[in-house]
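Visitor: Pasting a structure here, questions to come.
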Amino acid sequence: MNMAVQAINSNTKGVAQNTYDAIVIGSGISGGWAAKELCDKGLKTLVLERGRNVEHNKDYPTATKDLWEFPHRGNMTRQFLKDNPLISKAAGFGEDTAHFFIKDKDHPYVQEKPFDWIRGYQVGGKSLTWGRACQRWSNFEFTAPARYGYGLDWPIRYEDVAPWYSHVEKFAGVCGNKDGIEAMPDGEFLPPFDLNCVETHVQKSIKQHFPDRHLVQARWAHITKPTETHLQLGRGKCQARNLCMRGCPYGAYFSSVSATLPWAARTGNLTMRPFSVVHSIIFDEQKNKAIGVRVIDAQTKATTDYFARIIFLNASALNSNLVLLNSTSQRFPNGLGNDSGLLGKYIAFHNYRANVRGEIPGFEDKYYFGRNPTEPIIANYRNLHQQDTDYLGGFTTFMGAHRTRGATANLTEEIGAAYKDALSLPGGWRVYMYMQGETIPKESNHVRLSKTEKDQWGIPLLVTSVAYDDNDEKMIKDFLAQSTAMLEKAGCTNIQQHDSKQAPGLDIHEMGGVRMGHDPKTSLLNKYNQLHYCQNVFVTDGACMTSTGNQSPSILYMALTARAVNHAAEEMKKGNL
Ligand SMILES: Cc1cc2nc3c(=O)[nH]c(=O)nc-3n(C[C@H](O)[C@H](O)[C@H](O)COP(=O)(O)OP(=O)(O)OC[C@H]3O[C@@H](n4cnc5c(N)ncnc54)[C@H](O)[C@@H]3O)c2cc1C
Ligand code: SF4
């Protein structure tokens, strides 16, 4: 019995009722974009999301709470931390945001090597909790793997994606300044957040002492001046509260829940189905293409099949690998589209291990207004026109300066009137820099399915086998030395270097496994994110990444998704899909 016939038998409502023009798997950052673009093109689109529904505002229970309104003042109980040692390590995780992250025991996986897989399973996925940094890739990143021979050549260049970056930036709302930097191209920006006085000082100092390095205002997915499109969706200006990860009542930062999904819903073409765990993509041997998706209801565990002409896989990088590996058939015994045997291989991530911190005297008469939710950025300055270090790749540096609270530094006792008075005064200024480093995709860094263990829905557990290498260690050393030098030149004192030694994964920028490329023998996807060997299936989340570059990845996933939908719609019109 082929998969298609099985599917019909397990389907209680009949094929017609479960048939759409397009299916999107996952409703996070990239799935939301797939839904918006497909619905805009007039395609009846089903979005399958394994987690619960989350509605803008209605489901942000902590968005306007003060810290003292939380039972544990923002912290988790010891029991919770004991039960959830992994997810509670995530950046920004706390009592105010825990509802947008999974619980460890509900979603196990096998760590062959330490890998902290951070997940948010709900409508909106991690778009509700992401940091929102949104820099464009430059051509240096698209061409570096081929130029320096450390990986596969990308089948696309900056020029292929640039119009789609613009398309996405305008809708999402990205603030920033046009700085004219080759390593971080300008975009369609809303007005930027200002640098504070110390950040401006560090910017000037870097310009003077390191002329090839550029510190610029944040490029962040925050609305600083709403456009007509934003206003139509009820999205407003950022109030600089920096409570974004709870969900923003103003819709001021970009998420699927505040922007792409409501836009898609307005077209009348969207069907959302939460609590739908996608088990696999159904391949029809006779038709030689995918015909639909098998879903297990997260609550009842009932199986239902849904059908469509095209399928967008946007379950987030490692989950998209999992779904493809689990989509086996006679034609594809090792996973859908996996003739090359490379599915699940060349997993990479961003290196976030190192940071430097220092104090800076001389600005004690100055302060700033609001809680800026963004950070200035130093564009990558390594290995651009030529290989100029003893390691491959480059790194972006995020920085910031802030005043501490409470001028308590010179007090020995943390008690009494003097201490109370000091607490009401601003303390000294501190400056920090942290890295976002490129890592080199390697065949040995991979994920695969467990042969023995399954989850509560009967789906094999993912095994992660991903680790740092010598290249990463060398980059960390260089970052620490260079950042320390920049802080010293700016006049910082008491500079401290730190290597967190955190496991891969905690960076939350996992990528690869279904990489794009020219040649089906060495890649899974073509230049439009279609599986080479199953062209009506598109993978446009982080799984498609051929290399990691050093810029924040999500805006690129959004641009690639919009580009791929455009291509899919054209191919459908021509009758090719
Ligand atoms: C704290 C934090 C800070 C971050 N900061 C930044 C940043 O500043 N800039 C940046 O670019 N990126 C940042 N990221 C990363 C960013 O969130 C991800 O790159 C992005 O969300 C990936 O989009 P996605 O669509 O692939 O996955 P997600 O947004 O995770 O969405 C995937 C969706 O698919 C669903 N799903 C998974 N498996 C299945 C299945 N089998 N069936 C049905 N549904 C399924 C999930 O429930 C989820 O809703 C950050 C992430 C976190 C958590
Ligand atoms: S800082 Fe801006 S985006 Fe973040 S929660 Fe406040 S208003 Fe919303």
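The values are calculated or read from the model by the stated rules, or taken from the named source; none is laboratory data. Please read all numbers here as calculations on a predicted model, not as lab measurements. Note: ideal-geometry Cβ built from the backbone for every residue, glycine included; neighbour counts use all protein chains shown. Calculation scope for accessible area: heavy atoms of the full protein, side chains included, ligands and nucleic acids excluded. Shrake-Rupley method; radii C 1.70, N 1.55, O 1.52, S 1.80 Å.
Visitor: State which residue is farthest from ligand 2 (Cβ to nearest atom) when the search covers only the range 242-257 and only residues that are over 16 Å from Cys39 (Cα atoms) and polar (S, T, N, Q).
Guide: Filtering the range 242-257 for residues that are over 16 Å from Cys39 (Cα atoms) and polar (S, T, N, Q), the one farthest from ligand 2 (Cβ to nearest atom) comes out as Ser255.
Visitor: How many residues are part of a helix (DSSP H, G or I) and either modelled with pLDDT under 95 or within 16 Å of ligand 1 (Cβ to nearest atom) (or both) if we restrict to the range 210-261?
Guide: Looking only at that region, the number is 9.
Visitor: Can you name every residue in the range 105-130 that is more than 8 Å from ligand 1 (Cβ to nearest atom), in contact with a helix residue (DSSP H, G or I) (Cβ under 8 Å, 6 or more places away or on another chain) and open to solvent by 30 Å² or more (accessible area, probe 1.4 Å)?
Guide: Within the range 105-130, just Lys105 meets the criteria.
Visitor: If you don't mind, another one. Taking into account only those residues within the range 526-560 that are assigned to a strand (DSSP E or B) and touching a residue at least 60 places away in the same chain (Cβ under 8 Å), which is most open to solvent (accessible area, probe 1.4 Å)?
Guide: By that ranking, first place goes to Gln535.
Visitor: When you go through (1) more than 30 Å from Tyr148 (Cβ to Cβ); (2) assigned to a strand (DSSP E or B) one by one for Tyr434, which number turns out not to apply?
Guide: Here Tyr434 meets the rest and fails (1).
Visitor: Now for a different question. Hey, can you tell me all the residues within the range 129-170 that are assigned to a helix (DSSP H, G or I) and among the basic types (Lys, Arg)?
Guide: Arg147, Lys170
Visitor: Just to be sure I understand, how many residues within the range 388-401 are surrounded by fewer than 17 Cβ atoms within 10 Å (Cβ to Cβ) and either within 23 Å of Ser552 (Cα to Cα) or touching a Leu at 6+ places or on another chain (Cβ under 7 Å) (or both)?
Guide: Step one: of the range 388-401, the residues surrounded by fewer than 17 Cβ atoms within 10 Å (Cβ to Cβ) are 388-390.
Restricting the remaining residues to those that are either within 23 Å of Ser552 (Cα to Cα) or touching a Leu at 6+ places or on another chain (Cβ under 7 Å) (or both) gives 388-389.
Here the count works out to 2.
Visitor: Related question: Of all residues in the range 68-88, which are among the hydroxyl-bearing types (Ser, Thr, Tyr) and either open to solvent by 100 Å² or more (accessible area, probe 1.4 Å) or part of a loop (DSSP other than H, G, I, E, B) (or both)?
Guide: Across the range 68-88, the qualifying residue is only Thr77.
Visitor: Out of contact with any strand residue (DSSP E or B) (no Cβ under 7 Å at 6 or more places or on another chain), open to solvent by 40 Å² or more (accessible area, probe 1.4 Å) and not in a loop (DSSP other than H, G, I, E, B) - does that describe any residue in the range 484-506?
Guide: yes
Visitor: Given (1) within 16 Å of Val24 (Cβ to Cβ); (2) within 13 Å of ligand 1 (Cβ to nearest atom), where does Ile296 come up short, assuming only one miss?
Guide: Ile296 satisfies all of (1) within 16 Å of Val24 (Cβ to Cβ); (2) within 13 Å of ligand 1 (Cβ to nearest atom) except (1).
Visitor: Return yes or no: is Ser523 more than 20 Å from the chain's Cα centre (by Cα), among the hydroxyl-bearing types (Ser, Thr, Tyr), under 24 Å from Ile440 (Cβ atoms) and surrounded by 22 or more Cβ atoms within 10 Å (Cβ to Cβ)? Reasoning before the result, please.
Guide: Details: more than 20 Å from the chain's Cα centre (by Cα): yes; among the hydroxyl-bearing types (Ser, Thr, Tyr): yes; under 24 Å from Ile440 (Cβ atoms): yes; surrounded by 22 or more Cβ atoms within 10 Å (Cβ to Cβ): yes.
Criteria met by Ser523.
Visitor: What's the number of the condition Pro192 fails, among (1) more than 25 Å from Leu270 (Cβ to Cβ); (2) assigned to a loop (DSSP other than H, G, I, E, B); (3) more than 16 Å from ligand 2 (Cβ to nearest atom)?
Guide: In the conditions (1) more than 25 Å from Leu270 (Cβ to Cβ); (2) assigned to a loop (DSSP other than H, G, I, E, B); (3) more than 16 Å from ligand 2 (Cβ to nearest atom), Pro192 misses (3) alone.
Visitor: When the range 275-300 is examined, which residues are found to be closer than 15 Å to Gly125 by Cβ and either within 16 Å of ligand 2 (Cβ to nearest atom) or open to solvent by less than 30 Å² (accessible area, probe 1.4 Å) (or both)?
Guide: Selection gives Ser276, Val277, Val278, Ala298.
Visitor: Here's a check for you: in the range 210-232, which residue that is more than 30 Å from Asn383 (Cβ to Cβ) and open to solvent by less than 30 Å² (accessible area, probe 1.4 Å) is farthest from ligand 2 (Cβ to nearest atom)?
Guide: Narrowing the range 210-232 to residues more than 30 Å from Asn383 (Cβ to Cβ): 222-232.
So of that shortlist, the ones also open to solvent by less than 30 Å² (accessible area, probe 1.4 Å) come out as 222-224, 230.
Details: His222: 5, Ile223: 8, Thr224: 9, His230: 12 Å.
Applying the filter and picking the extreme gives His230.
Visitor: When the range 407-439 is examined, which residues are found to be in contact with a helix residue (DSSP H, G or I) (Cβ under 7 Å, 6 or more places away or on another chain) and either surrounded by fewer than 20 Cβ atoms within 10 Å (Cβ to Cβ) or without any contact (Cβ under 8 Å) to a residue 60 or more places away in the chain (or both)?
Guide: If we filter the range 407-439 for residues that are in contact with a helix residue (DSSP H, G or I) (Cβ under 7 Å, 6 or more places away or on another chain), which is where we start, we get 407-408, 411, 413, 429, 431, 433, 435, 437, 439.
Those that are in contact with a helix residue (DSSP H, G or I) (Cβ under 7 Å, 6 or more places away or on another chain) and either surrounded by fewer than 20 Cβ atoms within 10 Å (Cβ to Cβ) or without any contact (Cβ under 8 Å) to a residue 60 or more places away in the chain (or both): Ala407, Thr408, Leu411, Glu413.
Visitor: Something else: Taking the range 4-47 as the region of interest, how many residues are out of contact with any Asp or Glu (no Cβ under 7 Å at 6 or more places or on another chain) and either surrounded by fewer than 24 Cβ atoms within 10 Å (Cβ to Cβ) or at pLDDT below 95 (or both)? Outline the logic, then answer.
Guide: Filtering the range 4-47 for residues out of contact with any Asp or Glu (no Cβ under 7 Å at 6 or more places or on another chain) gives 5-6, 8-9, 12-17, 19-25, 28-29, 31-42, 46-47.
Narrowing the set further to residues that are either surrounded by fewer than 24 Cβ atoms within 10 Å (Cβ to Cβ) or at pLDDT below 95 (or both) leaves 5-6, 8-9, 12-17, 19-21, 40-42.
The number of residues fulfilling the criteria is 16.
Visitor: Looking at Leu67, Leu43 in this structure, which one is within 16 Å of ligand 2 (Cβ to nearest atom) and of a type outside the set (Asp, Glu)? Spell out how you get there, then give the answer.
Guide: Working: Leu43 fails: within 16 Å of ligand 2 (Cβ to nearest atom).
Selected residue: Leu67, the only one of Leu67, Leu43 that is within 16 Å of ligand 2 (Cβ to nearest atom) and of a type outside the set (Asp, Glu).
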